[in-house]
Amino acid sequence: MSEKIVVALIEHAIRPVVYLVLGAAFISWLFYVKEPLLDVVGSGDTTVRAGSFEVSLRAKASAGDLSDELAALQMLNDTQLQLFLVIGKERGPIQYHGEEVSEENLNRLKEVGLLDDIRRTEQGAFQWSASEKANRLHDVIFRQVIRSIKRTNAP
């Protein structure tokens, strides 16, 4: 080869070769740290706005061994879900006579494991007791709603 060709290759070909080597090294490093990086990103309190409520809710439910109960909420209709959000909190006896309180809706909540007991009083009203997991799931959902509201920037 002539001296001019060698000089031209050294001057012009070295930069792309270096970029390729650095790129390959970076990609190799990403494969090496992929698992620890995903663990850190997945377990942290993310503030990603797109879908962050759902991602955070699923993570908290999974951490509390409540994934099955969260999945059960998806099988409820809107009225039954609203009823769960009202009666799922752990508290002493209350009287609630909303339009969503019906035998059908209460039985559906019991079927999916969110209520332990349903009783009818002598006056025809209903009494119930939410399951322990329902109380914990309600708490997770409530905390996520509050956190999401407080993080929302007012217009």
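Annotations for the structure displayed:
- Qualifying residue in region 125-144 (condition: of a type in the set (G, A, S) and open to solvent by 40 Å² or more (accessible area, probe 1.4 Å)): yes
- Number of the exception - K89 against (1) at pLDDT below 80; (2) surrounded by 11 or more Cβ atoms within 10 Å (Cβ to Cβ); (3) outside any helix (DSSP H, G or I): (1)
- Of all residues in region 6-20, those that are without any contact (Cβ under 8 Å) to a residue 12 or more places away in the chain have Cβ atoms under 9 Å from Cβ atoms of residues that are open to solvent by 100 Å² or more (accessible area, probe 1.4 Å), 6 or more apart or on another chain, in L9/M1.
- Flag if A72 is in contact with a Gly (Cβ under 8 Å, 6 or more places away or on another chain) and at pLDDT below 90: yes
- The combined condition, being more than 20 Å from the chain's Cα centre (by Cα), polar (S, T, N, Q) and not in a helix (DSSP H, G or I), is fulfilled by Q127.
Here's the yes/no breakdown for (1) assigned to a helix (DSSP H, G or I); (2) more than 16 Å from S67 (Cα to Cα); (3) among the small types (G, A, S); (4) in contact with a strand residue (DSSP E or B) (Cβ under 7 Å, 6 or more places away or on another chain):
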position	(1), (2), (3), (4)
H97	no, yes, no, no
N105	yes, yes, no, no
K110	yes, yes, no, yes
N135	yes, no, no, no
I146	yes, yes, no, no
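- Subset of region 14-41 [of a type outside the set (A, V, I, L, M, F, W, C) and either modelled with pLDDT of 80 or more or open to solvent by 80 Å² or more (accessible area, probe 1.4 Å) (or both)]: R15, P16, Y19, G23, S28, Y32, K34, E35, D39
- First in region 58-79 and among the polar types (S, T, N, Q), second anywhere and at pLDDT 90 or above and open to solvent by less than 30 Å² (accessible area, probe 1.4 Å), Cβ under 8 Å, 6 or more apart: T79/N105
The values are calculated or read from the model by the stated rules, or taken from the named source; none is laboratory data. Because the structure is a prediction, the values reported are computed rather than measured. Methodologically, a virtual Cβ is constructed for each residue, glycine included, from the backbone with ideal geometry; neighbour enumeration extends over all protein chains shown. We work out accessible area using only protein heavy atoms, side chains counted, and drop any ligands, DNA or RNA first. Shrake-Rupley method; radii C 1.70, N 1.55, O 1.52, S 1.80 Å.
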